[in-house]
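Below is a structure I'd like to ask you about.
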Amino acid sequence: MRGPDRTAVAGAGMRRVRPHRSLLVRMLAASVLIAVCSVAATAWLAARTTAHAIRQEQGQVLTDDTTVYDTLVGYAATHPGWDGVDRTVRDLAQRTGRRITLTTQDRARTLARSGAAAALPARESAVVDPLHVDAGLDRHATDDRIDSRAVGPYRLTAPERRQLDGEVTKILGCLRDSGLAARIDHQASGRPYVVIGGGNLFAPKGSQPCEVPRLDKPTPTERKAFAQLGALAADCLGRHSLREVAIGSDFAAVSTSATAQPCVDSARREQLAAYVAAPALLFITDPPDGPTRTVFALSPANTARIAGAAGLVLLLTVSVTVLVGTPLVRPLRALAAAALHPTTEGQLRVPVTTHDEIGYLAAAFNDLTERRALMEEQRKTMVSDVAHELRTPLSNIRSWLEAGQDGIAVPDQAFMNSLLAEALQLQHIIDDLQDLAAADAGALRLHPEPLYVRDLLDHVAGAHRARADAAGIRLDVHTEGDPALTADPIRLRQAVTNLVSNSLRHTLAGGSVTLRAAPAGQEGKEAETVVIEVADTGTGIAPEDQPLVFERFWRAERSRSRQTGGSGLGLAIVRQLMEAHGGTATARSSPGIGSVFTLQLPIDRLRG
């Protein structure tokens with residue numbers, strides 16, 4: 001017999017813990033208090049003693065390193081080699097106070113250094129390559145990671161620059177006459193452009209107030225360079241089975257293919273390679289005599305403040321931990337003591353002294369203890385029931401054999417039939433126990449397949465028709481439509497057979513047993529389950545016994561007579577089979593009126 005699920009009750013009660021009593025809230029409050037004090041003290045000290053100096057030092061170093069990188073990339077973008085870079089390196093070192101060394105990529109040769117020779121770090125600070133720049137450090141980087149100062153064959157000749165400057169001057173005068181603040185600036189290639197106000201680029205076209213010639217028309221030098229670029233890109237495009245594409249003034253490929261732009265970028269790098277310096281490794285370190293800038297150091301007063309704040313926070317942490325932890329440890333020790341002495345009945349329960357999670361843990365422990373005792377009692381009862389069920393057929397077999405041995409019974413056909421009946425009963429009990437053991441171990445194998453419930457119920461009813469007719473009981477089958485599901489037909493037939501056999505056993509002559517089936521689900525939606533019912537007009541079950549009908553070896557007839565009941569395992573097997581299918585088995589009954597056993601199984605509808 002099962003007791004109430006007190007764990008579920010305790011779990012429901014935990015959701016009703018008042019916030020101020022909750023263990024989680026108290027621990028959270030203590031943690032927040034400690035964290036707030038720690039953070040406040042640390043933030044105050046850091047703001048007062050270190051933050052500004054460290055931020056200033058690190059920011060300056062980062063700015064200096066970025067300046068060094070950007071300047072050297074600019075040099076490489078505008079020179080075909082590194083000859084003459086020594087002066088630039090020395091100027092950068094003097095300006096930033098850093099030690100700068102520039103080497104070839106294999107470190108075999110030093111291109112320039114700001115001081116005496118020294119061992120280089122294991123890892124370079126950056127790679128100076130104007131055709132593959134670091135976009136985070138180079139403010140002249142384009143989308144294809146090529147430094148915009150690397151113009152190579154796109155650099156305009158002096159006559160072309162003078163012509164474009166003249167046109168831009170006309171535009172500038174028109175804009176100023178229109179009341180717009182504007183100025184002239186130049187790209188790295190020498191092409192001029194107009195900057196209006198906050199710095200937006202302005203290339204006048206026909207739609208602008210000032211009707212002037214377009215400035216984006218390529219010059220002969222640029223047309224020649226773009227033609228060369230197109231020829232270089234054609235080889236890559238051909239390898240990818242792409243036609244030649246148009247290339248805009250911003251070096252963007254006018255194509256819908258994702259492969260076209262990488263080909264243009266690769267061709268552009270190949271075109272510019274002869275006009276820029278080869279990639280080099282950049283090493284930026286502190287000078288041999290240490291950093292030239294003052295590094296922040298803690299004063300004795302600041303050290304004392306930090307030590308004092310740390311001591312106060314530590315004291316607060318210990319105090320709060322002891323204050324919060326002591327009430328928690330006391331019931332936990334009681335739980336540990338009870339768990340270490342499970343054989344002493346008086347020590348299996350612990351007092352529930354609080355109304356927080358620890359208190360509910362103690363209540364759950366007490367409930368676990370009671371359920372453990374209940375399970376032990378059930379185990380003893382089951383062993384006794386198994387022994388009783390096996391003893392009866394074995395005793396009968398022994399009695400018949402002894403009677404035959406003593407010559408009291410003649411070993412004729414009736415004798416053999418009696419022995420066979422008892423052996424079959426013994427085999428039936430063993431098979432039922434084996435099914436239950438397999439279900440408990442999770443080893444009950446199912447072989448699901450699509451089936452129609454009407455055919456299964458007709459098959460079960462046909463198998464019991466002769467028995468029902470002999471007992472004077474009407475056996476009917478009714479279904480709503482033709483419900484189908486996916487299940488193990490043998491196991492499902494076994495479950496329905498057990499229910500029908502049970503109903504026939506407890507129904508008197510003149511009564512009826514009805515098998516019903518219908519799909520079930522929410523109104524207006526596709527059915528999700530199939531409900532199978534076995535209803536009888538038998539003797540019924542007392543209300544206090546109804547929760548026990550699916551328990552093992554439970555029988556309404558306490559005498560356990562073979563004439564009034566089976567082994568008490570049939571309904572337990574029904575419940576296990578339904579759980580294996582993901583379904584449920586329930587029963588409702590009225591004494592003297594009859595019983596209804598309901599199986600509800602999910603539909604695993606096969607869709608074509």
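Near the amide H of G511, under 5 Å away, which other amide H atoms are found, from residues 5 or more places off or on another chain, if H is placed in the peptide plane?
R474
In whole Hz, with x marking every Gly and Pro, tabulate ³J(HN,Hα) for the stretch 228-243 from phi via Karplus 6.51 cos²θ - 1.76 cosθ + 1.60, θ = phi - 60°.
Couplings: 4, 5, x, 5, 5, 6, 4, 4, 5, 5, x, 5, 9, 6, 10, 6 Hz.
Just to be sure I understand the model, the point goes 7 Å from the Cα along the line to the Cβ. What's the resulting L180 to A518 distance in nm?
8.1 nm
Something else now. Determine, from the Cβ-Cβ distance of I593 and A470 and an R0 of 22 Å, the FRET efficiency 1/(1 + (r/R0)^6), rounded to the nearest 0.05. All intermediate terms of the calculation are to be shown ahead of the outcome.
On the way: r = 24 Å, r/R0 = 1.09.
Efficiency for this residue pair is about 0.40.
Could you work out how far apart the two model spin labels at A246 and I408 are, taking each label as a point 7 Å from the Cα in the direction of the beta carbon, and quote it in nm?
In this crude label model, A246 to I408 measures out at 11.6 nm.
If you don't mind, there's one more thing I want to ask. Could you list which residues have their amide H under 5 Å from that of I603, counting only those 5 or more apart in sequence or on another chain, with H placed in the peptide plane?
So I603 has HN proximity to T529, V530.
Starting from the Cα-Cα distance between D482 and S418, subtract it from 0.36 nm times their residue separation and give me the gain in nm to one decimal.
On the way: separation 64, 0.36 × 64 = 23.04 nm, distance 4.30 nm.
Gain on extension, D482 to S418, equals 18.7 nm.
Once both labels are modelled 7 Å past Cα along the beta-carbon direction, what's the V36-I196 spacing in nm?
For the pair V36/I196, the computed spacing is 5.6 nm.
Okay, moving on. Pop the C-beta distance of D165 and T285 into the FRET formula with R0 = 35 Å and round what comes out to the nearest 0.05. Write out the running numbers ahead of the final one.
On the way: r = 44 Å, r/R0 = 1.27.
Computed FRET efficiency for D165 and T285 comes out at 0.20.
Turning to a different aspect of this structure: In sequence order, what are the phi-derived ³J(HN,Hα) couplings for the stretch 447-456 according to the Karplus relation 6.51 cos²θ - 1.76 cosθ + 1.60 with θ = phi - 60°, rounded to whole Hz, with x for glycine and proline?
10, x, 7, x, 8, 9, 5, 4, 4, 5
If amide hydrogens are placed 1.01 Å from N in the peptide plane, which non-local residues have theirs closer than 5 Å to the one on H478?
When sequence neighbours closer than 5 places are left aside, the close amide H contacts are L515, R516, A517.
Every read-out reported here was derived from the displayed coordinates using simple, explicitly stated rules and does not represent laboratory data. From a predicted model like this one, the values you see are computed outputs, not experimental measurements. Heads up, the Cβs are rebuilt from the backbone with ideal geometry, glycines too, and the neighbour counts pull from every protein chain shown.
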